[in-house]
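Encoded as structure tokens, the structure appears first; notes follow it.
Rule-based calculations on the coordinates, nothing more; no lab input. Keep in mind that this is a model prediction, so the values were computed, not measured. Cβ coordinates were reconstructed from backbone atoms using ideal geometry, including for glycine residues, and neighbour counts include every protein chain displayed.
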């Protein structure tokens, strides 16, 4: 009596071929999908027959408990990672504000100590400023001397190039004028 109900619930083509196809499909698909599919076919079979056996009920309870515990563990992991991320952002914001405050305090302390040194030790400050001014003057003199040397070197090079060009042009012109002058003398002597 169980066989006729199995053939009508599984497929209309025949009892043996669909079972093999579903068994082959369940090995290629995800395990969760296979569990759901097997539990739904089992529950259909169980409804068509009398009450399910004790082992079937226990197995279904175990599967449901496993799926529930996996979902709960995933929720816990997601909550922990979200809390860690939020904690990191809050910590970073606090550290940035503390660091900025300390930096501003350090600059204020340095400014106050510089002003205090100027007021309490004017001789030391004057000699310090004098040394700094002397150093700046010497550096400016060095820069001017370098610029003047560079300019003189460049002018000498340009003058040398210009003299060379004038000399070559003068010799060429003298040669051409001499040639023209010689040709003119020959023509004059030929005419005369």
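Results, tabulated for the structure shown:
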item	result
Packing-based exposure ordering (other Cβ within 10 Å, fewest first) of 117, 106	106, 117
Full-extension gain in nm, residue 70 to residue 103, via 0.36 nm per residue minus C-alpha separation	7.0 nm
Within the range 60-74, backbone nitrogen closer than 20 Å to the virtual label 7 Å beyond the Cα of residue 85 toward Cβ	71-74
